[in-house]
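Below you'll find the structure, written out as structure tokens, and then a few comments.
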Amino acid sequence: MKKKMLTGFRPTGKLHLGHLHGNIGNMIKYQKDYENFFFLVDWHALTTEYQNPGNIKSDLIECAIDLVALGIDPEYTHLYRQSDIPQIAELTLYFSMITPLSWLERCPTYKEQIIELSSKDISTLGFLSYPVLMASDILIVNSDIIPVGEDQLPHIEITREIARRFNYLYGKYFNEPEAMLSKATRVPGIDGRKMSKSYNNAIFLSDDYEDIKNKVGKMITDPERIYRKDPGHPEICNVFSFYKLYVNEDRLVEIEKRCRRGEIGCTDCKKEIAEIIYESLGEFRERREEIIKNVNYIHEILRKGSIDVKRIAESTISDVRKKIGID
Ligand code: SF4
């Protein structure tokens, strides 16, 4: 039997390079080796967008289009919408009974997001208990492996703690899922912070060449480099972070040397990186254009994915109720 691998995506509309190099890349690469669960987390989106939920539904479809265009194949992957699986909400309720508040309050991503998203009122129960909902997403299908970026590791640890606590209280039932760290753990946005639509710093997969060129043009490089022949420091340069994602080792070493010796200009690097990014997405753009001509195809994939996963989720909830002793 294949191991289960699960990934959730916030339906924030079109996907960006942070998604691609974060965990989608791994999901596609290993798609045939695992039983894959790929779902769009519209309830998670509500934790920060509850005041303006109007775009969540349409953003979810945009996201699904991008995922299928990237190569998520319904033959190997259950692609579904979180809110189509009500059993996840029921499991969250049971988990919330056994999760100490301190586990959630100490979660570094919680503290970080409260600061980063200070323009939104997210001091809510729903936002604090985000990791509990995430644990339910994972454990409702008893997933074995979760591809994540480094910043998501604390969430996986909370999921493992919740699984352990449930097993201790009611008898062994849940797996303790393992994190699979992707190679590019943190893709910077054009301002150097983590790439995110909410930070307005993302390069989207469907951006045209002009958009990509303009965004790369705004990237922060080495502020001490005034003239082309000034020696540079690639380790603090945002553009160099993208070289690490896209070029081979020899080319990377060459860029690094030439930057340090002041032999190349930042404008040259930016032009090259913009072209590399745009060209790398050629196949994706072609597939996306095809899918857009028949969006019903996407709705059908989501419908089928939800039916399959609901069957597993119903079985989990039935077992969980028996384990707790309320059924
Ligand atoms: Fe970055 Fe290239 Fe400028 Fe060096 S020359 S600081 S690597 S953009």
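Table for the structure above
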quantity: Leading residue by the ranking (surrounded by the most Cβ atoms within 10 Å (Cβ to Cβ)) among those in the range 222-242 that are more than 8 Å from the ligand (Cβ to nearest atom) and of a type in the set (Asp, Glu); calculated: Asp230
quantity: Search result, residues across the range 125-175 that are hydroxyl-bearing (Ser, Thr, Tyr), touching a residue at least 60 places away in the same chain (Cβ under 8 Å) and closer than 27 Å to Arg186 by Cα; calculated: Tyr130, Ser143
quantity: Conditions (1) near the ligand (Cβ under 8 Å from one of its atoms); (2) surrounded by fewer than 18 Cβ atoms within 10 Å (Cβ to Cβ); (3) part of a helix (DSSP H, G or I); (4) in contact (Cβ under 8 Å) with a residue 12 or more places away in the chain: number failed by Ile255; calculated: (2)
quantity: Some residue of the range 87-108 being under 20 Å from Val309 (Cβ atoms), surrounded by 13 or more Cβ atoms within 10 Å (Cβ to Cβ) and of a type in the set (Phe, Trp, Tyr); calculated: yes
quantity: Residue list for the range 114-147, restricted to those being at pLDDT below 80, surrounded by 15 or more Cβ atoms within 10 Å (Cβ to Cβ) and not aliphatic (A, V, I, L, M); calculated: Glu116
quantity: Residue satisfying condition, being in contact with a Gly (Cβ under 6 Å, 6 or more places away or on another chain) and part of a helix (DSSP H, G or I), within set Asp211, Asp137, Asp151; calculated: Asp137
quantity: Selection from the range 267-289 of residues that are away from the ligand (no atom under 16 Å from the Cβ) and in contact (Cβ under 8 Å) with a residue 60 or more places away in the chain; calculated: Tyr278, Leu281, Phe284, Arg285, Arg287, Arg288
quantity: The range 243-252 - residue that is among the aliphatic types (A, V, I, L, M) and within 12 Å of the ligand (Cβ to nearest atom) and, of those, nearest to Asp222 (Cα to Cα); calculated: Leu252
quantity: Every residue from the range 63-95 that is part of a loop (DSSP other than H, G, I, E, B) and of a type in the set (D, E, K, R); calculated: Asp73, Glu75
quantity: Index of the failed condition, Gly262 passing every other in (1) in a helix (DSSP H, G or I); (2) within 16 Å of the ligand (Cβ to nearest atom); (3) of a type outside the set (S, T, N, Q); calculated: (1)
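The values are calculated or read from the model by the stated rules, or taken from the named source; none is laboratory data. Keep in mind the model is a prediction, meaning the values are calculated, not measured. Ideal geometry is used to build each Cβ from the backbone, glycine not excepted, and the neighbour counts take in all protein chains shown.
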